[in-house]
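Asks: Mind having a look at this structure? Questions to follow.
Just so you know, all these numbers are worked out from the coordinates, no wet-lab data involved. Not measured: the values here are computed from a predicted model. Glycine gets a Cβ as well: all are built from the backbone with ideal geometry, and neighbour counts include every protein chain shown.
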Amino acid sequence: MASHPIVLAGQYGSPYTLKMRGVLRYRRIPFRWMLRESKWDDLPDPPVPIIPVIAYPNDDGDGYRELTVDSSPQIMRLEREFDGRSIVPSDPALAVIDALIEDVADEWLTKAMYHYRWSYPADIDKAGKLLPISRDLQLDSDRSRQMYDAITQRQIGRRALVGSTEWNTPIIENSYRRILEALQAQFSTRDFLLGDRPGRGDFGLYGQLTQLVRWDPTPTAIAVEIAPKVVNWVERMDDLSWLDVADDGWASLDSLDPATKDLLAEAGRTYAPFMIANAEALQSGADEVTCVIDGQAYRQGPFRYQGKCLVWLRETYAALAERDRARVDAVLTGTGCEPLFA
């Protein structure tokens, strides 16, 4: 372990930042929190201007030798560099299911997070007022109004890029409700998705849900009504450093809870057709992703990063032994996720 703790830099309104903070807390990895783009931020520019940033200090504590972005690769690097309290299941086949759930959260549930925040007046107003002062508590009223207009106009204008359109609204909102219902059922029998300890998928869902069930008014009201256990689970996930875990705390792949399979079926219903259509659009050079979800055409622009995510998932699956691939196939049969690994 390095003599100087790593730095996690991000924002409170960023689901991926809170995802990584939850991981670091649970794994008891020493870190220093930094509010990105605040007066305390002394980091150089990262390779890509996104958050969260994990910075690795120089051995003498003066400056930084490396800055990383992107939560999934950050998680896997931490797995290599820090021992104990792993969030990757020891069963490689179960680990593929875990990685799939994380990607569903990061690349599909995030659409609901963005959609609710920038579609409904109460949510827009709250975000427009509070997000600017996260970086600067001393922001004056004139500058606050300017930032309100700049942030809300920019983010509302980007809705279509992530699929948040009037046409796609029923697909996104119905999927959010079904995910809540599946998780509400899950937490009636277990504290986590894949056993008695959290995995990558738990933290992926937690990150998006920090905003959806605790911060943005419209999706929070829905969650309180139909999935109160999910709201409480998100509060618990914020800091799991207290949780004792056993090495054998993972569930058996052959005995996953029905609610976990419902969550995978939701992925097959929504995430899988979108990810496959996105990859096809990228390959063909098309300027629009079109697929059928719930009997309705879903449309948005293609995303190169989500194309990479599908490649990474397929590479992880392909690296399994033949017997383990067969075990994954058995779990996914009938969920609609099969084409992801075809």
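Asks: Considering only Cα-Cα distances, which of the following residue pairs are longer than 30 Å: LYS129/LYS308; LYS229/LYS261; LYS19/LYS308; LYS39/LYS126?
Replies: Exceeds cut-off: LYS129/LYS308.
Asks: Moving to a separate point now. Step through the residues of the stretch 251-264 one at a time and calculate ³J(HN,Hα) from phi using the Karplus curve (6.51 cos²θ - 1.76 cosθ + 1.60, θ = phi - 60°), rounding each to whole Hz and writing x for Gly and Pro.
Replies: Using θ = phi - 60°, the values come out as 6, 7, 4, 7, 9, 5, 5, x, 5, 5, 5, 5, 5, 5 Hz.
Asks: Report the normalised scattering of the stretch 48-167 as log10 I(q)/I(0) at q = 0.12, 0.21 Å⁻¹, calculated by the Debye formula with identical scatterers on the alpha carbons.
Replies: Cα-only, vacuum Debye calculation for the stretch 48-167: -0.71, -1.15.
Asks: Using helices alone, I'd like the mean residue ellipticity at 222 nm for the chain: each DSSP H run of four-plus residues gives -39500 (n - 2.57), total over residue count, nearest 500.
Replies: After summing the helix terms and dividing by residue count, I get -16000 deg cm²/dmol.
Asks: Please build a GNM for the chain, connecting alpha carbons under 10 Å apart, and tell me which residue among ALA259, ALA185, ALA286 fluctuates the most.
Replies: ALA286
Asks: Let me know the longest stretch in the chain that avoids all GluC sites (Glu not before Pro) found in a DSSP loop with at most 14 other C-beta atoms within 10 Å.
Replies: The longest such stretch corresponds to 1-165.
Asks: Could you list which residues have their amide H under 5 Å from that of TYR64, counting only those 5 or more apart in sequence or on another chain, with H placed in the peptide plane?
Replies: ASN58
Asks: Compute the projected area of the convex hull of the Cα atoms of the chain, averaged over all viewing directions, and report it in nm² to one decimal place.
Replies: 17.7 nm²
Asks: If Lys and Arg each add +1 and Asp and Glu each add -1, what is the summed charge of the other residues whose beta carbon sits under 13 Å from the beta carbon of ARG314?
Replies: Summing Lys and Arg as +1 and Asp and Glu as -1 gives -1.
Asks: Counting alpha carbon pairs within less than 8 Å and at least 6 residues apart, what relative contact order, in whole percent, applies to the chain?
Replies: 20 percent.
Asks: Taking H as built 1.01 Å from N, whose amide H comes closer than 5 Å to the amide H of TYR298, not counting residues under 5 places away?
Replies: Those lying under 5 Å, H to H, from TYR298 are CYS291, VAL292, ILE293.
Asks: List the pair-distance distribution P(r) of the stretch 6-81, using every Cα-Cα distance, as the percent of pairs falling in each 10 Å bin from 0 up to the bin containing the longest distance, rounded to whole percents.
Replies: 19, 59, 22, 0
Asks: Residue by residue, what Karplus-based ³J(HN,Hα) values in Hz, rounded to whole numbers, does the stretch 130-141 have, using 6.51, -1.76 and 1.60 with θ = phi - 60° and x for Gly and Pro?
Replies: 8, 4, x, 7, 4, 8, 8, 5, 8, 4, 7, 5
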